[in-house]
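Here's the structure, in structure tokens; my notes come after.
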Amino acid sequence: MAIIAPSLLSADFTRMGEEVREIESVGAKVLHIDIMDGHFVPNLTFGYTMVKALRPISQMVFDVHLMMTNPLEYIQNFANAGSDIITVHTECDSDLGKCIDLIHQCGKKAGLSVKPKTPAEALFPYLERLEHILVMTVEPGFGGQSMMPDCLGKIAAIKAECAARGVSIPVMIDGGVNASNARMAAEAGADMMVAGNAVFGASDRAAAFRDLSEKSSL
Ligand code: DX5
Ligand code: ZN
């Protein structure tokens, strides 16, 4: 069964604490937290102070997705705030090796992400040093977009390269996951799936979370 990680981006921003408690109560073990800097993507969300504010009220794994041009400058802050997984983009301006090293020095799991137009091969030089891989299935920047199914093909390429190198890294997909495509994504090999609108936007979030979890089990 793939792990469904609800995305805070689709929560009601007037009630963040209650939203996080509710989504944990329906069974979520991982919370995806999208950080956008207005440069790497044409949108802004929230910063490490949000992670810090939410940390004491939740036991969930905080999976922090840095859509930032210079993530290296902020990794320490996100780590201190209580992130568990910190993911940076292959397309950012920071030195990726330095980002991974700093995330590890902070005692956190390091993730690397590829946008839809970036080939899986961009991840390969770093595979031995990663605990998490994030394959974007939409152009990053906004929730509620439709999945680009072609991106799912990268998962097999990543898994084959991981196997060849003798490493095992969970692959998460991000963008447009819903009840109609979760099974296809699971069949493509996704171990974890971000779900924003499909969970937070549902009238019955518990049912939506359960349904996605079931559809993603092969
Ligand atoms: C998009 C973000 C996603 C977003 C997914 O840039 O990285 O994590 O929250 O939202 P949905 O599931 O609604 O596409
Ligand atoms: Zn994300």
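The numbers here are math on the coordinates, done by the rules we state, and not lab data. Keep in mind it's a predicted model, so treat the numbers as computed, not measured. Every residue, glycine as well, gets a Cβ built from its backbone with ideal geometry; the counts of neighbours run over all protein chains shown.
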- Which whole-Hz couplings ³J(HN,Hα) result when phi for each residue of the stretch 177-192 is put into the Karplus expression 6.51 cos²θ - 1.76 cosθ + 1.60, θ = phi - 60°, listed in order with x for Gly and Pro? 5, 8, 5, 7, 10, 5, 5, 4, 5, 5, 5, 6, x, 5, 8, 9
- Please report M184, M1 as a ranked list, fewest other C-beta atoms within 10 angstrom at the top and most at the bottom. M1, M184
- Note on the structure: For the stretch 125-218, Rg(Cα) over 2.2 N^0.38 Å is 1.11
- In vacuo Debye sum over C-alpha of the stretch 3-215, base-10 log of normalised intensity I(q)/I(0) at q = 0.09, 0.11, 0.12 Å⁻¹, listed in q order, is -0.30, -0.46, -0.56
- Task: Let me have the 222 nm mean residue ellipticity of the chain computed from DSSP H runs of 4+ only, each contributing -39500 (n - 2.57), with the sum over all residues rounded to the nearest 500.
- Result: -8500 deg cm²/dmol
- Task: Show which lysines lie in cross-link reach of K52 when reach means a straight Cα distance below 30 angstrom and same-chain residues fewer than eight apart are skipped.
- Result: K29, K98, K108, K109, K115
- Task: Pull up the cross-link candidates among the aspartates and glutamates for K215, meaning alpha carbon to alpha carbon under 15 Å and not fewer than 8 places away within one chain.
- Result: E187, D191
- Message: Could you work out the pair-distance distribution P(r) of the stretch 77-160 from its alpha-carbon pairs, with 5 angstrom bin width and percents rounded to whole numbers?
- Response: 3, 14, 25, 22, 18, 12, 5, 0
- Task: Using +1 at the Cβ of each Lys and Arg and -1 at the Cβ of each Asp and Glu in the chain, identify which of S203, M1, T45 lies farthest towards the dipole's positive end.
- Result: M1
- Note on the structure: the stretch 85-109 and the stretch 141-156 have their Cα centres apart by a whole-number Å value of 23 Å
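What trypsin sites (Lys or Arg not before Pro) does the stretch 114-163 have in DSSP loop regions with at most 16 other beta carbons within 10 Å?
Here the sparse-neighbourhood loop sites are K117.
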